[in-house]
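Shown next, in structure tokens, is the structure this report addresses.
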Amino acid sequence: MTQITPITLPKWGLEMSEGTVTGWHLKPGDSAEKGAELVDVETDKIVNCVELDAPGTLRRILVDEGEVAPVGALIAVMADESVEEAAIDAFVAEFKPVDASFEPSEGEDKPAKAEAAPTPEAPKSEVKATPLARRTAEQSGVDLSAVQGSGHKGKVMRDDVAKAGSSSGVSKKSAEEVRAENAGVHASPIAVKFANEVGLGLSGLKGTGRKGRVSLGDAEEAAIAAGIWSRPAKVARGVVDVAGPASGSEQPFTGMRKSIARALVHSKQTVPHFYTTVDLRVDALMDLRKGMNAAGEGAKISVNDFLIRACGVALGQHPGVNVHVSDVGVTLFDSADVSVAVAIEGGLITPVLRDVGNRGLRDIAAGAADLAARARSRELTAEELKGGTFTLSNLGMFGVREFDAIINPPQGAILAVGGPRREAVELPDGGVGFATMTSATLSADHRAIDGALAAQFLATLKGLVEDPMRLLQ
């Protein structure tokens, strides 16, 4: 049994001939189990992730992120750690890619079958051509035997047929001749109209419609293959070119952005969110924080550190909020491991502070500062990003009044905190004064957390924040 496994660029879709490697999920030396995500490959239509179909160790990456490779090209090598580097070098040097021109069609599963011994009743087997090239040739009336192939070992490709069709005079008939020819063809009216306009004779064209009827799509493909028509570029409708549209350039998603997109789309589409908001009076908390930092002992404490600590204590009193939720059940946790959202260049990351309900404020402050600093320098380990049971996201420092956050699956809830503001409040004696208020919104998974539980959690959180001395205990 071989110890070296090639990873080649897969083929997704009939017309895919190449792909762009947009992100590796593993680096050389990493081992992973079957089903682990290995690499993202982007085509002109989709971005898909290649997953391992067997456990192994990634030993060599041959196509870096951003590079384009043809279908079937060797892009990486998996091998046991015991395999010598020289053996991998030799494997790479001797590797013969599968036919990158392979274009699957109905009834054809493996490229190897195309290389099988020639069948006696197939005179066209003398001409090596891809299935798509054969079909294009049939549609455009091009003789494959007269086409010079540009593929592997002279194999005829679709583009070869198109070029041959373009120079073969297929479209040289007069308009009257084309109309006369098309009048008797079993084709849709719109296909006939199109063919007449571009000068395409439909006679002999094999239709894909009911009972072999030629559709507009069949006619367009034949016209493209004959080199007499091309699809127009899509133009936005209703745009009047007066001052000119704003210019822009599309930036491909980074691996991080794709990961965020996948997780949050999944969450927003599959998790039944509901939102509960409470206003927190934070004057006492800010005074306490100011006094503690003025004492100059230990790490500086931020408002966010108080909130992390408050979340930990409140989660301890309401374990039904400190949960992971799956399609089959709910997992409750003994400790509150709070994921803290940290904005970094190009995305968002949520390192985890463990057991914050049983840690002191200065310990939390030091831990949070360390995680945030290493998050921004991309030095966190995978373990420091996994296992959070609840998330705190604070945009108060950006002047945001309040917002709703999307749950970070499989967690059951996330708390979104806005910035402080001064508001008029009624004083105990009936007069009017001013207080510093902050809004906090809990997004909860209704599969596991009901509205009453969410409200009880927020009431506990409010009590802790407005009486912050309790957070020092």
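Among residues of segment 444-462 that are farther than 17 Å from P410 by Cα, those with a beta-carbon under 7 Å from a residue that is open to solvent by 30 Å² or more (accessible area, probe 1.4 Å) and in a helix (DSSP H, G or I) at least six positions away or on a different chain give the pairs T460/Q317. Within segment 196-206, the set of residues being open to solvent by less than 100 Å² (accessible area, probe 1.4 Å) and more than 17 Å from V142 (Cα to Cα) comprises N196, V198. The condition of being modelled with pLDDT of 70 or more, of a type outside the set (S, T, N, Q), touching a Ser or Thr at 6+ places or on another chain (Cβ under 6 Å) and under 21 Å from E67 (Cβ atoms) holds for only one of E42, E37, E18, that being E42. Any idea which of R309, R262 is modelled with pLDDT of 95 or more and basic (K, R)? Residue meeting the stated conditions: R309. Selection within segment 416-439: residues that are open to solvent by 60 Å² or more (accessible area, probe 1.4 Å) and in contact with an Asp or Glu (Cβ under 8 Å, 6 or more places away or on another chain). The member of this set that is farthest from A405 (Cα to Cα) is V432.
Cβ-Cβ distances below 7 Å connect the following pairs, each with a first residue in segment 25-39 that is within 15 Å of R59 (Cα to Cα) and open to solvent by less than 40 Å² (accessible area, probe 1.4 Å), a second residue that is among the aliphatic types (A, V, I, L, M) and in a loop (DSSP other than H, G, I, E, B), and a separation of six or more residues or different chains: A32/L26; A32/L52; L38/L26; L38/L52. Screening segment 440-473 for residues that are part of a helix (DSSP H, G or I) and in contact with a His (Cβ under 8 Å, 6 or more places away or on another chain) and picking the one that is most open to solvent (accessible area, probe 1.4 Å) gives Q456.
For the condition touching a residue at least 40 places away in the same chain (Cβ under 8 Å) and surrounded by 15 or more Cβ atoms within 10 Å (Cβ to Cβ), V352 does not qualify. The set of residues from segment 290-341 being in contact with a helix residue (DSSP H, G or I) (Cβ under 8 Å, 6 or more places away or on another chain) and charged (D, E, K, R) comprises E297, K300, D305, R309, D337. Restricting attention to segment 44-72 and to residues that are open to solvent by less than 20 Å² (accessible area, probe 1.4 Å) and part of a loop (DSSP other than H, G, I, E, B), the residue that is nearest to S17 (Cα to Cα) turns out to be V71.
Taken together, P319, P351 contain a single residue that is out of contact with any Ser or Thr (no Cβ under 9 Å at 6 or more places or on another chain) and modelled with pLDDT of 90 or more, which is P319.
In the set A299, A246, only one residue is over 30 Å from V68 (Cβ atoms) and among the small types (G, A, S); that residue is A299. Screening I75 against (1) at pLDDT 85 or above; (2) within 26 Å of G154 (Cα to Cα); (3) open to solvent by 40 Å² or more (accessible area, probe 1.4 Å) leaves a single unmet condition, (3).
The values are calculated or read from the model by the stated rules, or taken from the named source; none is laboratory data. Note that the structure is a prediction, hence the values are computed from the model and not measured. Quick reminder, even Gly has a Cβ in these numbers, built from the backbone with ideal geometry, and neighbours come from all protein chains shown. Accessible surface is based on the protein model in full, side chains and every heavy atom, while ligands, DNA and RNA are left aside. Shrake-Rupley method; radii C 1.70, N 1.55, O 1.52, S 1.80 Å.
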